[in-house]
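Down below is the structure, laid out as structure tokens.
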Amino acid sequence: MTTEPAAALAEADALELLARGRLEIEGRLVDASNTTLRAEITLDGLTRRCVYKPVQGERPLWDFPDGTLAGREVSAYLVSRATGWDLVPPTILREGPLGSGALQLWIDEPDTAESLIGFVPAWDVPEGWLPVANARDEDGDAYALAHADDTRLARLAVFDAVINNADRKGGHVLYPATGSVHGVDHGVSFHVENKLRTVLWGWTGKPLIPEATEVLTRLGGLLDGDLGAELEDHLTLTEVQHVRLRARRLLRRGRFPDPPQDWPAIPWPPV
């Protein structure tokens, strides 16, 4: 049976719905490591689904302060909005049935959506795809982790480098019917140490896409102003300073970053 995706909402309408709508929990997404709930949210006769991640359901991590993951989800949305690339679905911090948490608009993917990231036979990498890593299955057959050489993914790779995303799995990339690409699950981002971990290493060391220069320049100015102030509501002053530094270094270098040498470069599982 095919399912019809919900009609797209304007960003302002989505934010209003998330901020003022009535939440009704549908169930838990069991694959998530932290408490992640799907809910219906209704306001003035409009109903959509959303993802609710309560702070009290966050699993303690050795390298991130307790109770900060929801704020990092919101921070990722704020940076995404500033880029103008529409990479992260509308996300806010608000009270819910289980207390304060991140609330993000649910993104429907059509049944015909095709992933631009995955494992492919090592001898048959699709034309226009970039290999990232080699692997073998249980029978010893060779595969390649690869992704499409696609501008939408390249934007996401630039964004991840700016926010220092430590968990860009293939499954954290969504493909709505609009033709855009969305990234989700940004709770382990914005660390002051280099923790970039992603499946989007196909452009390593290559020049940034041309539009990144303008976006990073604009982002730097916004980080010195209102955006920086907004991020300080969710991140430490030092973390916000490092967002500025990463954006400026990326702009100055003009190339996609190299994998870290003292940190696993690819998340597990990758997809």
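The values are calculated or read from the model by the stated rules, or taken from the named source; none is laboratory data. Everything numeric here is computed off the predicted structure, so don't read it as measured data. Note that we place each Cβ from the backbone using ideal geometry, even for glycine, and neighbour counts take in every protein chain shown. Each accessible area value is taken on the protein alone, full model and side chains, heavy atoms only, with ligands, DNA and RNA left out. Shrake-Rupley method; radii C 1.70, N 1.55, O 1.52, S 1.80 Å.
Leaving out ligands, DNA and RNA, and with a 1.4 Å probe, what % of the accessible surface on the chain is carbon or sulfur? That fraction is 50 percent. The residues of region 177-271 expose, per residue, 50 Å² of accessible area to a 1.4 Å probe. A straight Cα-to-Cα reach below 23 Å connects Lys206 with the lysines Lys169, Lys195, residues fewer than 8 places away in its own chain not being considered.
With every protein chain left in place, what is the accessible area per residue of region 83-150 in square angstrom, probe 1.4 Å? List each step's numbers first, then the result.
Details: 3620 Å² over 68 residues.
Counting only protein heavy atoms, the per-residue value for region 83-150 is 53 Å².
Give me the one-decimal Kirkwood hydrodynamic radius in Å for region 162-234, with the sum taken over alpha-carbon pairs. Across region 162-234, the inverse of the average 1/r is 14.4 Å.
Sorting the segments 80-93, 175-188 by their mean number of nearby beta carbons within 10 angstrom, highest to lowest, gives 80-93, 175-188. Relative to the current alpha-carbon distance between Gln241 and Asp31, full extension at 0.36 nm per residue lengthens the span by 72.3 nm.
Residues of region 224-266 with an amide N closer than 17 Å to a point placed 7 Å from the Cα of Ala135 along the Cα-to-Cβ direction: 264-266.
At an R0 of 30 angstrom, the distance between the Cβ atoms of Arg38 and Thr204 translates into a FRET efficiency of 0.25. Over region 1-78, accessible surface divided per residue gives 56 Å², non-protein components excluded, 1.4 Å probe. Segment Ser115..Asp150, full-extension length gain: 11.4 nm, with 0.36 nm per residue of separation and the alpha-carbon distance subtracted. Taking a point 7 angstrom from the Cα of Ala8 along the C-beta vector, which residues in region 28-52 have backbone N less than 18 Å away? The answer is 48-49. Kirkwood hydrodynamic radius computed over the chain comes to 19.3 Å, based on all pairs of distinct alpha carbons.
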